[in-house]
Amino acid sequence: MIVRIMGEGQVSLADGHLAELNKLDDELLAEMEKGDGPGFRRTLQALLARVRDLGEPLPDDSLEPSELILPSPDATLEDVRELLSDDGLIPG
């Protein structure tokens, strides 16, 4: 799966990592629903860090279509709400 972190670039991520990332996505959704700004910020940073750790960066000149688009590290609650689907940021 090709994942884009807005403002950073793309990584190739094995589908087997989605379950772990979905746990962080669920935490992020819960914090958003509660309006927990500090918790949201912490969990968003943790989610993006795991994607970076688990994924293989693609070259900057690569033009692969992204299957998943994640917000930038400085995204606000409102920014992330605009990206959400029924499943959250990460499908499944």
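All of (1) in contact (Cβ under 8 Å) with a residue 60 or more places away in the chain; (2) in contact with a strand residue (DSSP E or B) (Cβ under 9 Å, 6 or more places away or on another chain); (3) assigned to a helix (DSSP H, G or I) hold for ALA19 with one exception: (2). Consider LEU24 carefully, then state whether it is surrounded by 13 or more Cβ atoms within 10 Å (Cβ to Cβ) and either at pLDDT 95 or above or in contact with a Ser or Thr (Cβ under 9 Å, 6 or more places away or on another chain) (or both). Yes: the conditions hold for LEU24. Please go through (1) touching an Asp or Glu at 6+ places or on another chain (Cβ under 6 Å); (2) buried (at least 16 other Cβ atoms within 10 Å of the Cβ) for GLY39 and return the number of the only condition it doesn't satisfy. All conditions pass for GLY39, except number (2).
Scanning segment 60-92 for residues that are open to solvent by 80 Å² or more (accessible area, probe 1.4 Å) and over 13 Å from GLU8 (Cβ atoms) yields a total of 10. In segment 38-58, the residues that are without any contact (Cβ under 8 Å) to a residue 60 or more places away in the chain and over 14 Å from LEU18 (Cα atoms) form Cβ pairs under 7 Å with partners that are open to solvent by 80 Å² or more (accessible area, probe 1.4 Å) and in a helix (DSSP H, G or I), at six or more places apart or across chains, as follows: THR43/GLU27.
The values are calculated or read from the model by the stated rules, or taken from the named source; none is laboratory data. Because the structure is a prediction, the values reported are computed rather than measured. Counting neighbours? That spans all protein chains shown, and the Cβs are built from the backbone with ideal geometry, glycine included. Please note that ligands, DNA and RNA were not included when accessible areas were found on the heavy atoms of the full protein model with its side chains. Shrake-Rupley method; radii C 1.70, N 1.55, O 1.52, S 1.80 Å.
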